[in-house]
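**Student:** Shown below is the structure under consideration.
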Amino acid sequence: RRGLSVSVVFNYLSALTQTNEVPHQIPLKVVDVGGNVTLHCPRSNEAGDFFYWHRQPLGHMLQIVVSLVLGKEKFSEQFNNNRFKFTPGDSQYSLTIKDIIKEDEATYFCQSGTAYFQSFSTGIYLAVNGKLCYVTTYIYS
């Protein structure tokens, strides 16, 4: 019994240590409004048949930009335009954003794996220099 309780305490302390790890810092990439940027995500040898580029604007939920599932590429509706280009490669996946607008500012993540296990491998905060454009909408009745 004594060995069992020592084992339980050790396992509990090990779990606490794992949750107290220092989180990885996300690098910053600064671009100007109207510019272009290409974000890269390394492709591991264990890469499965599932890959996603996500973005998360500050204060918003995570959004899928593009997915590559079983070899089929699919952009989410709001990113399915000529400003966003996905390029799968042998060693990396790339996401190019053209004609940057202020609303492109967000943290971008890539996720890959199999149907049973997936993980995030890269994150980058894209900061956009430039003025925010406001659109005024008038409703007449």
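Read-outs throughout are calculated quantities, based only on the coordinates presented, and are distinct from any laboratory measurement. This structure is a prediction, so every number in the text was calculated from the model and none was measured. Neighbour counts run over all protein chains shown; Cβ positions are idealised from the backbone, glycine included.
**Student:** Can you tell me the dipole magnitude for region 61-101 around its Cα centre, using point charges on the Cβ only (Lys, Arg +1; Asp, Glu -1), in Debye to the nearest 20?
**Tutor:** Roughly 60 debye for region 61-101.
**Student:** Now, a different point. Run through region 59-138 and list the trypsin sites (Lys or Arg not before Pro) located in a DSSP loop whose Cβ has at most 10 other Cβ atoms within 10 Å.
**Tutor:** Taking region 59-138 and a limit of 10 other Cβ atoms within 10 Å, the loop trypsin sites (Lys or Arg not before Pro) found are K131.
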